[in-house]
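Here's the structure, in structure tokens; my notes come after.
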Amino acid sequence: MEIRGLNENCNHDLKNLFKGAAVVASIKPGPLAEFYAVLVAKGMRPEMARLTLARKIATIVLIVWKRGVCFDAHHLKPQTA
């Protein structure tokens, strides 16, 4: 059996939820759409930019949940790698 992703017991529903959120966020005006547009403008393929956005949304959700803080768009920066 081939393991894809980080582990063999990933939550496909949650993964699809974040990917769907990235699709919506990439077309609705706001800081997440701006983040997506910057990635595409730098030459990243749109599907990879959406995946990066989905990962960013997942990270934001985890931080908000664990730390109990509010989302601050000023901390939304493109990845340096």
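Read the figures in this text as sums done on the coordinates, not as results from a lab. Every value quoted in this text rests on a predicted model; they were computed, and no experiment measured them. Positions of Cβ are generated from backbone atoms using ideal geometry, with glycine treated the same way; all protein chains shown enter the neighbour counts.
Just give me the residues in the range 7-29 being loosely packed, with under 12 Cβ neighbours inside 10 Å and under 17 Å from HIS74 (Cα atoms), in sequence order.
PRO29
From the set of residues in the range 37-50 that are without any contact (Cβ under 8 Å) to a residue 24 or more places away in the chain and in a helix (DSSP H, G or I), which is farthest from GLY20 (Cα to Cα)?
ALA41
Take the range 8-27 and flag every residue that is under 18 Å from ALA58 (Cβ atoms) and more than 14 Å from the chain's Cα centre (by Cα).
Within the range 8-27, ASN9, CYS10, ASN11, HIS12, ASP13 meet the criteria.
Need pairs with beta-carbon distance below 6 Å; first residue in a helix (DSSP H, G or I) and within the range 51-80, second surrounded by 15 or more Cβ atoms within 10 Å (Cβ to Cβ) and charged (D, E, K, R); sequence gap 6+ or separate chains.
That search, which allows pairs on different chains as well, returns ALA54/LYS19.
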